[in-house]
Amino acid sequence: MVNQVGLVLEGGGMRGVYTAGVLEYFLEQELFFPYVIGVSAGACNAASYLSKQKGRNKTVTIEYASDPRYISWKNYFKNRQFFGMDFIFDEIPNQHVPYDYEAFYNCSSEFVVGTTDCMTGQPVYFNKQEYGKDFLKVLRASSSLPFIAPEVKFKDKILLDGGITDPIPIKKAQQDGFLKNVVVLTRNSGYLKKPSKFHFIVDRKYPEYKGLQQSLRERYLVYNETVAYLEEEEKKGRVLIIRPTQSLKVGRMERNPGKLEELYNQGYEDARKSMKAILEYIHKKEGSL
């Protein structure tokens, strides 16, 4: 177990298979962190990493990608859910690819999941003590994208995708006392978000959620500012970034298993090639940053 170094995971829908590849290599090398924080797909991949189930992320994400129950227009027209949320967060972990809950809860790492409060438009984070045995519900909330998944009610809050308000939760990790962090991104270097042109659709879809409306308007600014902050922190030696080194061919809703496996393998290889730098970073003393 690494001391006082956090692991921060970006979301990104099906681009998260990159993170799955990175975490698979970490798992094989028995590299674990005392603190892990993620949103959306990043948090979902972290769950199987923390339960130490080798190969599970690959099975769930890639082998099921072409299953219409997992992701399809059929889901959307039937339930207004592009991703089959019940299938992903109930059927798969409890029937098809059993999740090792006992191993997860016995893991000594803290695991924080980021979500978005629809009413306030602010990020809301839940740690192990707060979500207890309901962590799959919190994962579901963190992964519920606007328009294509319903809101999730939890602890008197109405929640959606954590990536809306805090797409790469580095500052939360730092606030929680982890001043050195390994950060896994799912976008290439140089990527910046552009402003959305569909605010009128947001206002029509979510008229009662003024906070969410504002957050979706500002989403591109938050993302771009976070990336800039990360790159400054990297220069100061406070952050080590792992991100796709080859051009992305996978989108948020990708269903092609071949493309997904290619990105998964890229994550695995990028982690392998970065391992020496990661270990040097982890063991570098604070005063030598």
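Between the amide H of Lys180 and those of Gly6, distances stay under 5 Å, these residues lying 5 or more places away or on another chain, with hydrogens modeled in the peptide plane. Annotation: peptides 19-26, 192-199, ranked by per-residue average of other Cβ atoms within 10 Å with the highest first, follow the order 19-26, 192-199.
The phi torsions of region 230-245, fed into the Karplus equation with coefficients 6.51, -1.76 and 1.60 and a -60° offset, translate into couplings of 4, 5, 5, 5, 5, 4, 7, x, 8, 9, 10, 9, 10, 8, x, 8 Hz, rounded to whole numbers, with Gly and Pro shown as x. Estimated purely from DSSP H runs of n ≥ 4, each contributing -39500 (n - 2.57), the mean residue ellipticity at 222 nm for the chain is -12000 deg cm²/dmol once divided by its residues. Between amide H atoms placed 1.01 Å from N, distances below 5 Å from Ile71 occur with Gly84, all of them 5 or more places distant or on a separate chain. Quick check: from the Cα gyration tensor, does region 8-116 come out rounded (a/c under 1.5), prolate or oblate? Prolate. Accessible surface of region 185-247, 1.4 Å probe: 52 percent of it comes from carbon and sulfur atoms.
Whole-Hz Karplus values for region 213-222 come out as 4, 5, 5, 5, 5, 9, 4, 5, 5, 4 Hz, taken residue by residue from phi with 6.51 cos²θ - 1.76 cosθ + 1.60 and θ = phi - 60°; glycine and proline positions read x. Between amide H atoms placed 1.01 Å from N, distances below 5 Å from Val112 occur with Val36, Ile37, Gly38, all of them 5 or more places distant or on a separate chain. With 0.36 nm allotted per residue and the present C-alpha distance subtracted, the Gln4-Arg252 stretch has 86.1 nm of extension available.
Site pair Lys284 and Glu63 shows an inter-label distance of 4.0 nm when each label is modelled 7 Å from Cα along Cα→Cβ. Calculated accessible area for the chain comes out at 46 Å² per residue, all protein chains present (probe 1.4 Å; ligands, DNA, RNA ignored). Out of these labelled values of Rg and Dmax of the Cα atoms in Å, [x] 26.6, 87; [y] 17.8, 57; [z] 22.0, 69, which was calculated from the coordinates shown here? Among [x] 26.6, 87; [y] 17.8, 57; [z] 22.0, 69, the one derived from this structure is [y]. Note on Asn106 and Arg217: the model spin-label points, each 7 Å out from Cα along the C-beta direction, lie 5.1 nm apart.
The values are calculated or read from the model by the stated rules, or taken from the named source; none is laboratory data. From a predicted model like this one, the values you see are computed outputs, not experimental measurements. No Cβ is skipped: glycine too gets one built from the backbone with ideal geometry, and neighbour counts run over all protein chains shown. Surface areas here come from the heavy atoms of the whole protein model, side chains and all, with no ligands, DNA or RNA. Shrake-Rupley method; radii C 1.70, N 1.55, O 1.52, S 1.80 Å.
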